[in-house]
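No value in this document is a laboratory result; all are computed from the given coordinates. Note that the coordinates shown come from a computational prediction; the quantities given were computed from them, not determined experimentally. Quick reminder, even Gly has a Cβ in these numbers, built from the backbone with ideal geometry, and neighbours come from all protein chains shown.
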Amino acid sequence: MTDSICEEIERQQHYLKGAPIETIYMGGGTPSVLSPNELNQIFLQLDQTFNIASAQEITIEANPDDLNEDFLEYLKSDSPINRLSIGVQSFHEEELKFMNRAHNAKEAFSSIEKARKYDFQEFSVDLIYGSPLSSLESWEANLNTLLELNIPHISCYCLTVEEKTALAHQIKKGLTQAPLEKDASDQFLFMQAFFEKHQYIQYEISNIALEGHFAKHNSNYWKGIPYLGIGPGAHSFNGEDRQWNISNNALYMKNIENKIQHFEIEKLEEKDRYNEYVMTGLRTIWGIEEKNLKQFDEKIFTHFDKLIEPHLKNGNIINTNGFYALKPEAKLRADAIASDLFII
């Protein structure tokens with residue numbers, strides 16, 4: 001797999017048209033299972049292909065149980081990684097067991113303590129809300145723990161039930177309760193009020209940070225800046241088209257080895273680029289900028305102007321000097337509101 005990833009990096013050297021690499025994010029799974037030698041092989045290939053010396057932010061996702069002393073020593077001393085994203089998910093033992101996590105609550109706390117011991121100034125903690133075991137009280141306790149630990153960046157995701165998973169099977173068989181939408185909504189709104197009270201900024205629907213600690217990689221993605229995705233299932237976007245890699249590991253490696261195309265590609269029409277800009281823009285505090293809309297055909301701008309009017313009137317969207325952004329409570333319905341503005 002590491003060899004295939006390195007081969008793909010070399011093949012995709014022209015995808016970003018010579019743009020400098022600002023950020024690197026190793027995620028989409030658990031890259032912390034790779035050995036230091038395997039990670040070094042990938043970083044060497046990245047540097048030879050793109051020259052990553054000027055990259056401002058290089059993040060790796062890790063499970064708490066992977067962040068042992070030896071691995072953290074390697075990350076800090078022998079790798080270019082300067083940011084961690086720790087998949088804590090919950091500080092409650094029973095919720096971690098329900099989510100079938102490999103780590104326990106003690107390891108969740110320990111991973112944060114060790115990240116600080118090795119002087120990682122920038123790191124993020126993931127939490128999940130809306131599980132059948134999560135109440136407002138337990139959710140508040142999780143958030144208070146983040147506050148007490150002074151976590152600089154937090155990503156909060158709602159539990160979703162994917163088809164063909166153990167959770168979906170258990171719900172279907174009546175072995176466990178399905179998540180309730182109202183509970184998830186209540187926890188989301190509580191989270192918003194909680195973080196606002198404590199001077200955190202919800203700069204994107206799922207991402208919250210203290211001033212000065214926004215993730216550069218996340219921010220670039222939501223602002224529509226082109227990016228290259230490497231590895232099985234990875235997505236790429238260069239402003240003109242979108243492509244996505246084969247998600248099956250064995251088939252991905254086979255196609256790379258046999259020099260067969262390992263991705264599908266979609267040429268984006270102007271309406272697609274507009275729809276994408278609306279969808280991503282509305283998720284952020286930066287919103288949709290009027291001057292950016294004017295890059296599109298006049299008919300598209302007229303379409304937007306007409307369809308946004310009801311949302312301005314009912315207060316879902318606020319226009320501040322040409323920036324259209326969702327009011328906090330409306331973020332619960334971001335996808336539905338964005339779809340109202342789409343060109344079909």
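For G229, the residues whose amide H sits under 5 Å from its own are S236, F237, ignoring neighbours fewer than 5 places away on the same chain, with H placed 1.01 Å from N. Write down the percent of antiparallel bridges among all DSSP beta bridges whose residues are both part of the range 20-222, to the nearest 5. In the range 20-222, DSSP labels about 25 percent of beta bridges as antiparallel. Computed over the chain, the per-residue total of -39500 (n - 2.57) for DSSP H runs of n ≥ 4 gives a 222 nm mean residue ellipticity of -12500 deg cm²/dmol, rounded to 500. Taken one residue at a time, the phi angles of the range 25-35 give Karplus couplings (6.51, -1.76, 1.60, θ = phi - 60°) of 10, 9, x, x, x, 10, x, 5, 7, 6, 6 Hz. Gly and Pro are set to x. In this rough spin-label picture, where each label sits 7 Å from Cα along the Cβ direction, the V33-Q199 distance is 4.1 nm. Sorted from longest to shortest, the spans of the Cα atoms of the range 270-344 along the three principal axes equal 31, 24, 20 Å.
The GluC sites (Glu not before Pro) of the range 234-317 that meet both conditions, a loop assignment by DSSP and at most 11 other Cβ atoms within 10 Å of the site Cβ, are E240, E269. Which shape class, rounded, prolate or oblate, goes with the range 20-222 when its Cα gyration tensor gives a ≥ b ≥ c as root eigenvalues, a/c under 1.5 marks rounded, and past that a/b bigger than b/c marks prolate? Because a/c hits 1.5 or more and a/b exceeds b/c, the range 20-222 counts as prolate. By the beta-carbon count within 10 Å of each Cβ, the least crowded to most crowded order of K291, K172, fewest first, is K291, K172. Cβ crowding within 10 Å, taken as a proxy for footprinting-reagent exposure, orders E93, E162 from fewest neighbours to most as E162, E93.
Rounded to 0.05, the FRET efficiency of the F342 and Y15 pair, given R0 = 25 Å and the Cβ-Cβ distance, is 0.40. The charge dipole of the range 24-161, taken about the Cα centre with unit charges on the Cβ atoms of Lys, Arg (+1) and Asp, Glu (-1), comes to about 120 debye, rounded to the nearest 20. Neighbours of Q41, meaning other residues whose beta-carbon lies under 12 angstrom from its beta-carbon, give a summed charge of -4 when Lys and Arg score +1 and Asp and Glu score -1.
In a reduced charge model with +1 at each Lys and Arg Cβ and -1 at each Asp and Glu Cβ, the range 270-344 shows a dipole moment near 180 debye about its Cα centre. Cβ-Cβ distance of D70 and N314, R₀ of 45 Å, FRET efficiency by 1/(1 + (r/R0)^6): the value works out to about 0.20.
For the chain, the Kirkwood estimate of the hydrodynamic radius, built from every pair of different alpha carbons, is 22.0 Å.
Around the amide H of S79, modelled in the peptide plane, lies no amide H under 5 Å away from a residue 5 or more places distant or on another chain. Distance between the C-alpha centers of the range 176-204 and the range 210-265? Whole Å please. One Cα centre to the other: 29 Å. Taking amide hydrogens as placed 1.01 Å from N in the peptide plane, the amide H of S85 sits under 5 Å from those of I60, E61, A62, S124, each at least 5 positions away in sequence or on another chain. Scattering from the C-alpha atoms of the range 109-235 alone, worked out with Debye: what is log10 I(q)/I(0) at q = 0.20 1/Å? Scattering profile of the range 109-235, log10 relative to I(0): -1.20. Between the alpha-carbon centres of the range 94-109 and the range 124-164 there is a gap of 12 Å. Note on N104 and N321: with the Förster distance fixed at 35 Å, the Cβ-Cβ geometry gives a FRET efficiency of about 0.10. In µm²/s, what is D for the range 302-344 at 20 °C and 1.002 mPa s, where D = kT/(6 pi eta Rh) by Stokes-Einstein and Rh is the Kirkwood radius from Cα pairs? For the chosen part, D equals 203 µm²/s.
DSSP bridge analysis restricted to the chain gives an antiparallel fraction near 55%, rounded to the nearest 5. In the range 270-344, a dipole from Cβ-located charges (positive for Lys and Arg, negative for Asp and Glu) runs towards its positive end, and of N292, I318, T280 it is I318 whose Cα lies farthest in that direction.
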